[in-house]
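Input: a single structure, listed below in structure tokens.
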Amino acid sequence: MEAEDCSKAPVLLKEDRQTPSKVHLIEEITSTEMPEKPSTPVYEMITVKDANKRPLKIELKIELPKVSSVSECDLRISKDDIIIEVPEKYKLQLDLPELVDEETTTAVFNRGKRVLFITVPVAKLDP
């Protein structure tokens, strides 16, 4: 009869091992649902023009109240659009009103106000 009691002990250990794997699965499901919910941040886009009303630069102000560091932001820019992503928090894709010089773009994050300022010079086109 003691042998039967010992054979039941490994069954209990197996049950204990299954519980942590169930917890792990719940964590995975939760983490895959989170990226589906990024919101569009509040933003303002201004085209700065010269005296002849030719566009010089585009200034973009993006409010990111859930962001504490610029390292959380992923910024991608091309000649005609800009994408800002903060995983699980924000996503913003904008078509720019002018072709821009993406190489000389500057971005500054104000931690106190939690605002990202992006300045994008308009590409110089030869007439």
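Computed from the coordinates by the stated procedures, all read-outs in this text should not be read as laboratory data. On a predicted model such as this, the values are computed, not experimentally measured, just so you know. Glycine gets a Cβ as well: all are built from the backbone with ideal geometry, and neighbour counts include every protein chain shown.
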For this session: Please tell me which of these pairs span more than 31 angstrom C-alpha to C-alpha: K37/K124; K66/K124; K57/K113?
Result: K37/K124; K66/K124
Exercise. Taking the alpha-carbon set of the stretch 52-110, what are its Rg and Dmax in Å?
Worked result: 12.6, 43
For this session: For L56 paired with D74, estimate the spin-label separation in nm (one decimal), with each label point 7 Å from Cα along the Cα-to-Cβ line.
Result: 3.5 nm
Exercise. What distance in nm separates the simple spin-label points at F117 and T40, each placed 7 Å from Cα in the Cβ direction?
Worked result: 2.5 nm
